[in-house]
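Inspection log for the structure reproduced underneath, given as structure tokens.
The values are calculated or read from the model by the stated rules, or taken from the named source; none is laboratory data. All values reported here derive from a predicted model rather than from experimental measurement. We place every Cβ from the backbone using ideal geometry, glycine too, and count neighbours over all the protein chains shown.
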Amino acid sequence: MDVRFEPSSGLHGELRAPADKSISHRAALLGAMAAEPTRIENYLHAADTDSTLAAVRALGALVDERDGVVTVRGTGLREARVPPGPIDVGNAGTLLRLLPGWLAAQEGRSFTLDGDESIRRRPVDRVAEPLRFMGAELSAREDRFPPFTITGARLRSISYELPVASAQVKSCILLAALAADGATTVGEPARSRYHTERMLLRAGVNIHRNGRHVTVVNADELVLERVVVPSDPSSAAFAIAAGVLVPGSRLLIRDVGANWTRTGFLRILKRMRGIVFGDLEGESGELLAEEPICDLDVAYGALEGTTVEPEEVPLAIDELPLVALLGCFAEGETVVRGAHELRLKESDRIATVVDGLRGLGAQIEALEDGFVVSGTPRGARGGGLKGGEIDAAGDHRLAMMGAVAGLASREGVLVRGMEAADVSYPGFTGDIRALGG
């Protein structure tokens, strides 16, 4: 589906972004592993998270949906059922990398994960290695890509240092650690999202953090009675970027998740002089059980270029395409380094973002692990972006970036394959139009 987004004269109003995708995935998976029913309020219904519900059903969990609440009645930590065929993860990279942690503990039983054409290009070797160290058997196409088969075993505890900061790989190991024979410790070179740790703490697990290391002690059972999913800051980021870029805009974004590990984009935006106000969680060494939320007040303003360093990347990985877009309108140069992980997303997001924005008139160059944008502020000759068309390449975040680019451009943008946004934000186009886009 091709959708054209014309230049906007100003966005106004309130927006409540869709429920958080990362937390929805984890709530469904932990609910399936729990001994008692888990009530999930404000669960995200999108292509990726619906794949997670289908997967836990295939593994024997009962899923009831009514009155906007998803209730998962799980099988327990070690009692997952073997489905008659492969588990279809669709296009859900989070599901592909988290689910093996649970399946690795199912002694003597084998499970195969597969998905769409895009997921078959997503590597799984980084979850396979620690799970093999713990005792599970794993095999993959070319030893790296789906289809991916996990044969469960009696797991042993390990101490493991992640070569690259990754909330998905870390979470996979932590889920496997619940059924291991002792305490498992995972270290990271930089901080990544810690939704899994918070949810495990709420489920009664003995878990603690020491700097960039987290330790989990094995458990007999999980009890996760209720999860309220906040609005997704990664989805809200597209409206925030539009509000900052389109002249005359003023937006109120309601009930956004304010977890410090999810607001890296907002810290980068503020450094670029973007006008965003909200009660965000500060960095803390303490592991808390509850997810913080806040409202965000967003307004148009002139931007300055910045440099995103490698240690910032894990906390803004999904929003880095928007940093490139913001850089097109900023004074000076915007540089992102240490973001090689972008090449392993739904598309090679370094290549697709650089090619896409260049086609709209941006001065942008690819690096092996990021990009460099030379900005031209609005009001300068040829400032910002001219416009044109962009191919979403099946990537939901590229589709929404193209839409925001159209609103802020001089001539508008045609987004080819806008339906890709349904993976995380099914109502995106309607919400943008309601704000005046």
A140 part of a strand (DSSP E or B), among the small types (G, A, S) and closer than 26 Å to A47 by Cβ: yes
Exclusive hit being touching a residue at least 60 places away in the same chain (Cβ under 8 Å) and in contact with a His (Cβ under 7 Å, 6 or more places away or on another chain), set R254, R193, R202, R250: R250
From the options D64, D88, residue that is modelled with pLDDT of 95 or more and touching a Ser or Thr at 6+ places or on another chain (Cβ under 6 Å): D64
Segment 350-362, residues that are over 16 Å from A408 (Cα atoms) and either surrounded by 24 or more Cβ atoms within 10 Å (Cβ to Cβ) or touching a residue at least 12 places away in the same chain (Cβ under 8 Å) (or both): I350, A351, T352, V353, V354
Check on G305, in contact (Cβ under 8 Å) with a residue 60 or more places away in the chain and either out of contact with any Phe, Trp or Tyr (no Cβ under 9 Å at 6 or more places or on another chain) or β-branched (V, I, T) (or both): yes
Among residues of segment 146-183, those that are without any contact (Cβ under 8 Å) to a residue 40 or more places away in the chain and over 19 Å from G115 (Cβ atoms), counted: 10
Residue under evaluation A47, criteria (1) modelled with pLDDT of 95 or more; (2) among the small types (G, A, S); (3) out of contact with any strand residue (DSSP E or B) (no Cβ under 8 Å at 6 or more places or on another chain), criterion not met: (1)
Members of segment 86-128 found to be of a type in the set (D, E, K, R), more than 23 Å from K21 (Cβ to Cβ) and in contact with a helix residue (DSSP H, G or I) (Cβ under 9 Å, 6 or more places away or on another chain), listed by number: R109
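Condition check ((1) among the hydroxyl-bearing types (S, T, Y); (2) assigned by TED's automatic domain parsing to the domain that holds L344; (3) surrounded by fewer than 18 Cβ atoms within 10 Å (Cβ to Cβ)) across all residues:
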| site | (1), (2), (3) |
| --- | --- |
| A366 | no, yes, yes |
| G370 | no, yes, no |
| S374 | yes, yes, yes |
| K386 | no, yes, yes |
| E389 | no, yes, yes |
| D395 | no, yes, no |
| M400 | no, yes, no |
| A405 | no, yes, no |
| V413 | no, yes, no |
Members of segment 179-207 found to be out of contact with any Ser or Thr (no Cβ under 6 Å at 6 or more places or on another chain), over 16 Å from E311 (Cβ atoms) and assigned to a strand (DSSP E or B), listed by number: V186, I207
Test: D50 is out of contact with any helix residue (DSSP H, G or I) (no Cβ under 9 Å at 6 or more places or on another chain), part of a strand (DSSP E or B), farther than 25 Å from L155 by Cβ and not assigned by TED's automatic domain parsing to the domain that holds A421: no
Entirely in segment 350-437, the strands (runs of 3 or more DSSP E) that have 1 or more residues that are under 28 Å from R16 (Cβ atoms): 388-391, 413-416
Residue that is nearest to the chain's Cα centre (by Cα), among those in segment 16-27 that are crowded, with 24+ Cβ neighbours inside 10 Å and outside any helix (DSSP H, G or I): D20
Only one of V223, V217, V205, V164 that is among the β-branched types (V, I, T) and touching a Gly at 6+ places or on another chain (Cβ under 6 Å): V223
Subset of segment 238-260 [buried (at least 21 other Cβ atoms within 10 Å of the Cβ), of a type outside the set (A, V, I, L, M) and under 19 Å from the mean Cα position of the chain (by Cα)]: F238, G257, N259
Among the candidates E333, E341, residue that is in contact with a strand residue (DSSP E or B) (Cβ under 6 Å, 6 or more places away or on another chain), surrounded by fewer than 23 Cβ atoms within 10 Å (Cβ to Cβ) and over 20 Å from R410 (Cβ atoms): E333
